[in-house]
1. Under 18 Å from the Cα of K553, which aspartates and glutamates turn up, not counting those fewer than eight places away in the same chain?
2. May I ask for the Rg/Rh ratio of region 41-85, computed from Cα atoms with Rh as the Kirkwood radius, given to two decimals?
3. Residue separation times 0.36 nm, minus the C-alpha to C-alpha distance between Q130 and A362: what's the value?
4. In whole Å, what three semi-axes, largest first, describe the equivalent ellipsoid of region 457-571 built from its Cα gyration tensor (square root of 5 times each eigenvalue)?
5. Give, in nm to one decimal, the length gained when the segment between E513 and N285 is fully stretched (0.36 nm per residue of separation minus the Cα-Cα distance).
6. Once you have the Cα-Cα distance between S222 and I48, take 0.36 nm times their residue separation minus that, and quote the gain in nm to one decimal.
7. FRET efficiency for D395 and R71, Cβ-Cβ distance as r, R0 = 25 Å, nearest 0.05?
8. Please label the shape of region 187-346 as rounded, prolate or oblate, based on the square roots a ≥ b ≥ c of the eigenvalues of the alpha-carbon gyration tensor (a/c under 1.5 means rounded; beyond that, a/b larger than b/c means prolate, else oblate).
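Each reported figure results from applying straightforward, stated rules to the coordinates on display, with no laboratory input. Because the structure is predicted, anything quoted here is derived from the model rather than measured. Glycine gets a Cβ as well: all are built from the backbone with ideal geometry, and neighbour counts include every protein chain shown.
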Amino acid sequence: MTQAVAEPQGSAALPEAEHRVEPTSQSKLDEALAILEDNKQEWAALDIEERIELLEHVRDGVVEVAEAWVRAAMQAKGMTMGTAEEAEEWLAGPGAVVKNLSLLIASLRDIQECGVPLLPKPAFTRPDGQVVAPVFPTDGWDGVFFNGFTSEVWMQPGVTLENLSENQAAFYKEKSPKGKVALVLGAGNVASIGPMDALYKLFVEGQVVVLKMNPVNEYLGSFIDEAFAPLREHGFFRVVYGGAVEGDYLCMHRLVEEIHITGSDKTHDAIVYGVGEEGAQRKANRNPRNTKRLSSELGNVSPIIIVPGPWSQKDLDFHGLNLASSLCNNAGFNCVATRVVVQHEQWDKREDLLSSLQLALARAADRKPYYPGAQDRQKLFVNHHPDADQFGGRDEGRVPWTLIHHLDPTNTDDICFNRESWCGQTSEVALSAESVVEYIDQAVDFCNDSIWGTLSAGIFVHPKSLKDPAVAEAVERAIANLRYGSVAVNHWPGINYALVSPTWGAFPGHTDEDIRSGRGVVHNTYMFDQPQKSVLRGPFRVWPKPAWFIDHKTAATLGREMTYFNADPSLMRLPGIVWASLFG
């Protein structure tokens, strides 16, 4: 049963978590910003060799704190060491940061020698002239560990093959770059977001950074501060603590010139317009209280389009687990978690795929809902859909995995389409169409027009389906027409985040008045100035089992080994990685 009353659109409004670290006083915030102000011009003028040396030292620092970092996160999130949960913290924590640092080092060396980061393969144009730059695999090791996976960055109109290099690494082409102080408001869910957002401002945009930790994961601040000590000691970086009060003080501070936030559209509006009735009035009148440049990544109701085809039972079970893993990762507290599975109503295997997803969710381990308000948000969705499937513990301190299926696609006010649940909840809807091609086109329009957000979307298609030229053309049309900053074929779009070389952010074009999933990008280690979206492609089924699957038996070992390998690639490290991969 669906409630007819329209729900407010957007990402979840989250209550502030209890503090584990004492908020930084205003005098200490002033002091941190004054130090950054004093050193911002030195940072802007620093030569590339010195930047590379700092990056290498920071990478060593991340490796040194990695074990303690992961253990702290596991304890705080109530997770079990030695399980796939531990792998999440390795791969999306220090592992991703190490990968980011290594890629930045490679890009800066390219800039030093050639003026811009060099692509692993030549860029090319699509039939309509849009420029596409391959960004993954970045090297032979990527090809080994992610066999069959590729990722590309598609450029905005106006970028050509001839001027692509002119649209890379803008900061490093400035003759007399001006130093700036940037504020990064860190996310509370994924450990690598705050430090990687800071790295982007520092090494791609050339700004010194104050990183305010989110109260949810502020326990990580000491590890980040220790790892980033080479930057801190030169006055280029500071970690501070606090909640909304401290965040607002920093946002309005005269020394803060730019802001980047990973959070919700509500937080964005509070920064730009203020809160309460005054904030609402300012937004209505387009009268911002804060006019500083603000880039952001603000959440999404992430859809996956299922293209009907000759799926076997093994295919159905693989992708039931694939979809479940994309929801259960990090207990569902991901802006890229799958929230809507879109199916073809006439497909004879629609119910079979649902059954495989239900089975995977029923087998998924319970997770601690460590983000404040998760139980209330899950209950809100169940109140709208009392017939929802719920799997796992329902006692105090647990939120069941929740699947709401057979939604009405004509009810575009449904909460499942318009509200990011920010818990372990997903949904399913089917569209009626006379042909597969018609369905694919409808599905793209449905995602673009009826589902909130523009951060990420996916499309799963059997290779035999692509042998039909009309279907293959429709799939390529779908990839091009989906208005999302990250589009993934056959896999979870969150992989684009972890690869780091693609861009990560909303589809371009949002205004302050309708910010949706945000504005600008991060990661982007090839430093494109005008990206539109990143497109990930992977095999329909993967063997060995992907490390991000929730039932991977040796993922914890694999996550640890991959982290240290990314810091120091070596043939000596391969046996451990191969073993952990094969026995997952």
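1. K553 reaches E85, E86, E88, E89, D317, D366, E561.
2. Rg/Rh for region 41-85 comes to 1.27.
3. Numbers: separation 232, 0.36 × 232 = 83.52 nm, distance 4.35 nm.
Result: 79.2 nm gained on full extension.
4. Values: eigenvalues 147, 107, 31 Å².
Sorted largest first and rounded, they come to 27, 23, 12 Å.
5. Details: separation 228, 0.36 × 228 = 82.08 nm, distance 0.97 nm.
Answer, rounded to one decimal: 81.1 nm.
6. Numbers: separation 174, 0.36 × 174 = 62.64 nm, distance 2.74 nm.
Extending this stretch completely gives an extra 59.9 nm.
7. Details: r = 26 Å, r/R0 = 1.05.
E(calc), rounded to 0.05, equals 0.45.
8. On the way: a/c = 2.76, a/b = 1.57, b/c = 1.76.
Since a/c reaches 1.5 but b/c is at least a/b, the shape of region 187-346 is classed as oblate.
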